[in-house]
Amino acid sequence: MAARREGDGGEPALIWERPEPPSRPTPSPLSRDRIVRAAIELADTDGLEAVSLRKVATALDAGPMRLYRYLSTKEELLDLMVDAVYGEIPAPEPADGDWRGTLRSVARHTRRAALRHEWFSDLLAGRPHLGPNALAHLEASLAALHGAPGFHDIDTVMSALEAVNAYLVGAIRKEMSVLHAERVTGMNEEQWQQASGPYIGRLLATGRYPMLSKVVPDAAHPDADTSFETGLDYLLDGIAVRIAG
């Protein structure tokens, strides 16, 4: 395995600080970009569990040890994959007074990226992403909001963005879990409802669930797009009340 370049303080340098090795004339030339693209293709097709340095090397017709010249661990590969997806997300435009539009744009574009790459939702939460694309997206989001009505201090900007991000993580993971369940069971939402309908009907007939007895026949049961937008509206309404107080 290739040695990792040390940082100024003697600590191992992060992947973002390590220069890419010079290319070599081989039948299967490598680069970090080619490695990341191959890993993303594997994850898009078979999920994150399909991604390993060995499988990526096989997809690139290269020996696994060659990949260690470009990165050191699977965790670094996942970081690079996440940053590549951030590079697909358009930066928000300045709010120009429309902070709702800015936050809505951030949420919608991030969700669309997650729908293209379902594994992305599993890596959205946790510590901040430090890749250049992720940092550029965060910088653009902060700059777009800062100075909009009610967003004159940086703490308010950060709190609003963090609230939207928390909503995104929950909403997108729920949506991805439904898609995953459809693939695993072979039943879409309507088929699952039909299969479980008799059981639910028997439970409601006991009278122990009066509120659920209203939900099942009377609630709207919107599709995923409508549910996402409605939840986002509730969140933005709450932010509006907070910054007006």
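The values are calculated or read from the model by the stated rules, or taken from the named source; none is laboratory data. Since this is a predicted model, take the numbers as computed values, not measurements. So basically every Cβ, Gly included, is an ideal-geometry build from the backbone, and we count neighbours across all protein chains shown. The area values use the complete protein model at the heavy-atom level, side chains included, leaving out ligands, DNA and RNA. Shrake-Rupley method; radii C 1.70, N 1.55, O 1.52, S 1.80 Å.
A single entry from 166, 205 fulfils the requirement of being of a type outside the set (S, T, N, Q) and open to solvent by less than 80 Å² (accessible area, probe 1.4 Å): 166.
Counting only helices (runs of 4 or more DSSP H) wholly contained in the range 133-245, the ones carrying 3 or more residues that are farther than 30 Å from residue 94 by Cβ occupy 154-185, 189-205, 210-218. Those helices (runs of 4 or more DSSP H) of the range 24-103 in which at least 2 residues are closer than 14 Å to residue 119 by Cα, considering only elements entirely within it, cover 32-46, 74-86. Among the residues making up the range 68-95, those that are acidic (Asp, Glu), in contact (Cβ under 8 Å) with a residue 40 or more places away in the chain and open to solvent by 40 Å² or more (accessible area, probe 1.4 Å) are 79, 93.
Any residue that is surrounded by 14 or more Cβ atoms within 10 Å (Cβ to Cβ), out of contact with any helix residue (DSSP H, G or I) (no Cβ under 8 Å at 6 or more places or on another chain), touching a residue at least 40 places away in the same chain (Cβ under 8 Å) and farther than 30 Å from residue 46 by Cα - is there at least one of those in the range 125-142? Yes; the residues of the range 125-142 include at least one that is surrounded by 14 or more Cβ atoms within 10 Å (Cβ to Cβ), out of contact with any helix residue (DSSP H, G or I) (no Cβ under 8 Å at 6 or more places or on another chain), touching a residue at least 40 places away in the same chain (Cβ under 8 Å) and farther than 30 Å from residue 46 by Cα. Would you mind stating whether residue 104 is under 18 Å from the mean Cα position of the chain (by Cα) and open to solvent by 70 Å² or more (accessible area, probe 1.4 Å)? For residue 104, the condition - under 18 Å from the mean Cα position of the chain (by Cα) and open to solvent by 70 Å² or more (accessible area, probe 1.4 Å) - is not met.
Taken together, the residues in the range 1-33 that are more than 24 Å from residue 59 (Cβ to Cβ), loosely packed, with under 10 Cβ neighbours inside 10 Å and either in contact with a helix residue (DSSP H, G or I) (Cβ under 6 Å, 6 or more places away or on another chain) or modelled with pLDDT under 75 (or both) amount to 5. Return yes when residue 121 is in contact with a helix residue (DSSP H, G or I) (Cβ under 6 Å, 6 or more places away or on another chain) and among the polar types (S, T, N, Q) and no when it is not. For residue 121, the condition - in contact with a helix residue (DSSP H, G or I) (Cβ under 6 Å, 6 or more places away or on another chain) and among the polar types (S, T, N, Q) - is met.
In this structure, residue 45 does satisfy being without any contact (Cβ under 8 Å) to a residue 40 or more places away in the chain, more than 16 Å from the chain's Cα centre (by Cα) and under 30 Å from residue 226 (Cα atoms). Kindly establish whether residue 145 is of a type outside the set (Phe, Trp, Tyr) and under 21 Å from residue 114 (Cβ atoms). It is false that residue 145 is of a type outside the set (Phe, Trp, Tyr) and under 21 Å from residue 114 (Cβ atoms). Do we find a residue being closer than 18 Å to residue 86 by Cα and basic (Lys, Arg) anywhere in the range 198-215? No: zero hits.
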